[in-house]
Amino acid sequence: MKSLLTRLLFLLSCLASIHSDAQATNLLIEDFENPDFSSGTVDPAFPGWTFINTIRSHKGGSIYPSSANQVIDYEYTNEQAYYDLNHVWGASNVYILQMNATPKSWSGSSIRYINPSIRDEDNDVLWSTTTLLPTYNDFNFGTSNWSSIQTFSYVVPATLFSGNAAANLRINLMSSGGRGIYMDNIIFYEQDVTADATPPTPDPPTWSVIPTEEDFVNTTMTADFAYDNPYGVEYFFENVTAGTNSGWHGNVYAHIWGETNLTPSTNYTYRFKVRDKSPNQNETGWSATTNLVMSPSDTTPPTPDPMTWSIEPMVVDDINIYMVASTATDPYLGVEYFFENTTAGSNSGWQSDTTWTELYLDVETENSYRVKARDLSPNANETAWSAIGNITIPSPNVSGELLISGNFQTPILSHGTDASTYFAGWTLSSGAKTRNANNNSDVPGDQAIPNQVIQLELDSTIITYDSNHQWAADDEYLLTLNASPMSWSGASTRYLAPSLLQQDNTILWSSSDLMPTYNNFGRNPWSDNVNLTYTYTIEASSFATGTPGQPLRLKIDSTSQRGVYIDNIVFKKIIPVIPGTIFRVK
């Protein structure tokens with residue numbers, strides 16, 4: 001708790017500031033220091049105050065001006081503290097309300113507000129406002145005094161009131177938005193506001209951060225906090241060269257300003273001034289001027305120029321083409337990439353990713369790809385195109401109509417992501433997660449791409465795909481997929497259990513196949529171990545149940561010990577081979 005001398009000095013400083021320029025009648029000065037409560041006391045009994053909801057006393061740690069100071073803690077949102085005054089208001093009165101408030105450190109990025117109001121003794125609102133608090137930013141808790149950005153002053157003429165001028169007043173202090181606010185040093189008085197003729201301090205004002213260039217054509221600048229007790233201040237920035245300005249602003253971030261779309265290689269001169277919010281609006285002099293010369297326009301594209309390939313276009317999963325551009329660099333800003341299939345006229349659009357996969361392409365057709373990069377400067381400087389990368393998807397071993405395909409390579413997700421909502425057409429139950437060869441050493445496939453698979457983490461984890469294909473009694477299907485046990489519990493027995501159903505869940509066909517025990521399969525191509533590739537020829541004539549004409553559902557499951565990787569699912573309707581016929585996968 002503050003010592004008696006410290007509290008006396010605080011009260012004297014408040015009275016000095018109140019009476020410095022005008023006559024005043026003090027109605028409320030509260031620093032919440034007496035009585036002294038244990039930190040965290042709910043609804044502390046400060047004389048004259050009533051608290052609604054969970055307001056606590058607080059001291060120690062992140063408060064001002066030191067850990068010995070006691071404040072009130074608005075722990076939740078929409079809390080209230082009010083004080084009934086023995087003061088009858090009149091229509092010609094003018095009041096000053098001042099307080100300190102700051103967000104708590106937890107949930108530091110939350111948006112929080114204080115909502116002070118003046119009410120009558122029947123709780124009818126005469127005047128109210130809502131003020132945004134700064135987001136939490138350390139604020140030198142425990143080592144500094146309350147700053148201008150945490151000090152709030154309101155000049156309230158009673159001409160704004162609507163109500164009974166014969167009623168006593170009530171000061172009501174609420175919070176809203178995110179929870180967690182400290183409040184302290186409530187001052188309320190009646191004052192002759194016409195007497196203030198003193199501008200804010202310092203006069204002239206000073207720079208905290210002189211104008212600085214951002215991204216070639218933008219500027220930002222910050223003023224040192226200015227003070228005016230009790231009215232508060234507004235800031236006015238000016239670009240003398242361009243004749244532009246900020247206008248007068250007095251919100252919580254008014255001491256910060258910036259401009260956009262300025263001219264490169266141009267010298268701009270900036271200055272600012274401050275005024276108080278009294279009726280006289282007393283202004284300081286101008287700050288020192290400061291010059292900022294904008295950088296020359298960026299006309300240099302990223303490197304390498306022309307662009308190059310890290311991985312030239314390659315076929316994955318029979319019908320998709322995957323490629324990786326070299327990582328481009330730019331000395332100033334970021335980089336984007338643009339892939340183009342010059343054969344089909346398709347492209348990736350500008351993207352930040354160096355990889356692109358084009359899906360479901362025709363077989364036996366050569367596709368030609370190129371890539372370029374650009375920087376993120378206003379000029380969007382582009383490199384020249386890379387060399388052309390040509391690739392042809394070969395005919396599949398079995399000609400047929402592709403019904404279902406899943407290589408789970410697009411989009412690339414963070415390792416261990418719940419995959420239930422990311423792969424179009426697929427329904428993945430609880431425990432289906434993405435894993436990739438770059439992060440898990442037991443995932444088969446290329447580590448550089450990296451290969452991404454679906455993990456069936458639990459016995460109950462399944463993946464399904466509903467096709468719009470309606471089966472016929474003479475249909476024949478081909479199902480291929482890759483599956484591998486995970487390394488943990490490597491000696492356990494696991495079974496792969498694919499099945500084909502109608503979409504009313506009638507089972508048409510199913511299989512259960514013993515998987516090999518784990519034997520260092522990770523980061524090796526699937527093709528390195530024939531036991532990890534499963535192929536099924538399924539004849540509809542063998543279906544014991546079901547109704548032809550119903551759409552199909554493919555289901556992939558595992559049984560016995562949990563922990564299986566699934567990849568590269570292809571389900572086709574086989575088309576009889578007729579000599580001389582050219583087939584395409586569609």
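The values are calculated or read from the model by the stated rules, or taken from the named source; none is laboratory data. All values derive from a computational prediction rather than experimental measurement. Quick reminder, even Gly has a Cβ in these numbers, built from the backbone with ideal geometry, and neighbours come from all protein chains shown.
Screening residue 162 with (1) among the polar types (S, T, N, Q); (2) in contact (Cβ under 8 Å) with a residue 40 or more places away in the chain; (3) more than 20 Å from residue 227 (Cβ to Cβ) gives one miss only, at (2).
Given the options 45, 16, name the one that is modelled with pLDDT of 50 or more and among the aliphatic types (A, V, I, L, M).
Details: 16 fails: modelled with pLDDT of 50 or more.
After ruling out the rest, the residue left standing is 45.
Only a single item in (1) within 30 Å of residue 375 (Cβ to Cβ); (2) among the β-branched types (Val, Ile, Thr); (3) touching a residue at least 60 places away in the same chain (Cβ under 8 Å) is not met by residue 209, and it is number (3).
Taken together, the residues in the range 373-388 that are buried (at least 18 other Cβ atoms within 10 Å of the Cβ) and more than 29 Å from the chain's Cα centre (by Cα) amount to 2.
Selection of the range 261-305 for residues being crowded, with 21+ Cβ neighbours inside 10 Å and either at positive phi or hydrophobic (A, V, I, L, M, F, W, C) (or both) yields 272, 274. Here is the figure for the range 72-93: residues that are touching a helix residue (DSSP H, G or I) at 6+ places or on another chain (Cβ under 7 Å) and either crowded, with 18+ Cβ neighbours inside 10 Å or modelled with pLDDT of 90 or more (or both) total 2. Within the range 190-210, restricting attention to residues that are buried (at least 22 other Cβ atoms within 10 Å of the Cβ) and either on the phi > 0 side of the Ramachandran plot or modelled with pLDDT of 90 or more (or both), the residue that is farthest from the chain's Cα centre (by Cα) is 199.
Every residue, every condition in (1) within 41 Å of the chain's Cα centre (by Cα); (2) β-branched (Val, Ile, Thr), yes or no:
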| position | (1), (2) |
| --- | --- |
| 520 | yes, no |
| 529 | no, no |
| 537 | no, yes |
| 552 | yes, no |
| 555 | yes, no |
| 559 | yes, yes |
| 562 | yes, no |
| 570 | yes, yes |
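Yes/no per residue for (1) modelled with pLDDT of 95 or more; (2) polar (S, T, N, Q):
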| residue | (1), (2) |
| --- | --- |
| 509 | yes, no |
| 530 | no, no |
| 573 | no, no |
| 581 | no, yes |
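For the range 149-175, a tally of residues being crowded, with 17+ Cβ neighbours inside 10 Å and not in a loop (DSSP other than H, G, I, E, B) returns 15.
Taken together, 421, 434 contain a single residue that is in a loop (DSSP other than H, G, I, E, B) and of a type outside the set (Lys, Arg), which is 421. The single condition among (1) of a type outside the set (S, T, N, Q); (2) in contact with a Lys or Arg (Cβ under 8 Å, 6 or more places away or on another chain); (3) within 30 Å of residue 265 (Cα to Cα) that residue 339 does not satisfy is (3). Checking each residue of the range 420-443 against the condition of being free of Cβ contacts under 8 Å to residues at least 12 places away in the same chain and under 25 Å from residue 327 (Cα atoms) gives no match.
Out of 343, 357, report the one residue that is outside the structural domain of residue 480 (by TED's automatic domain parsing), in a loop (DSSP other than H, G, I, E, B) and more than 30 Å from residue 215 (Cβ to Cβ).
Result of the check over 343, 357: 343.
If you go through the range 451-509 and keep only what is aromatic (Phe, Trp, Tyr) and over 19 Å from residue 521 (Cα atoms), you end up with 465, 471, 477, 509.
Looking at this structure, is residue 198 touching an Asp or Glu at 6+ places or on another chain (Cβ under 8 Å) and polar (S, T, N, Q)? In short, yes.
For residue 411, the criteria (1) buried (at least 19 other Cβ atoms within 10 Å of the Cβ); (2) in contact with a Phe, Trp or Tyr (Cβ under 7 Å, 6 or more places away or on another chain) hold in every case but one, which is (1).
Taking residue 316, is it of a type in the set (A, V, I, L, M, F, W, C) and at pLDDT 90 or above? If you could, list the steps in order and put the result at the bottom.
On the way: of a type in the set (A, V, I, L, M, F, W, C): yes; at pLDDT 90 or above: no.
Here the answer is no, as residue 316 does not meet what is asked.
Within the range 237-252, if we keep just the residues that are farther than 14 Å from residue 289 by Cβ and in contact (Cβ under 8 Å) with a residue 40 or more places away in the chain, the residue that is surrounded by the most Cβ atoms within 10 Å (Cβ to Cβ) turns out to be 252. Evaluated against (1) buried (at least 21 other Cβ atoms within 10 Å of the Cβ); (2) modelled with pLDDT of 85 or more, residue 437 falls short on exactly one condition, (2).
Among residues of the range 211-230 being of a type in the set (Val, Ile, Thr) and either touching a helix residue (DSSP H, G or I) at 6+ places or on another chain (Cβ under 6 Å) or surrounded by fewer than 16 Cβ atoms within 10 Å (Cβ to Cβ) (or both), the one that is nearest to residue 30 (Cα to Cα) is 220.
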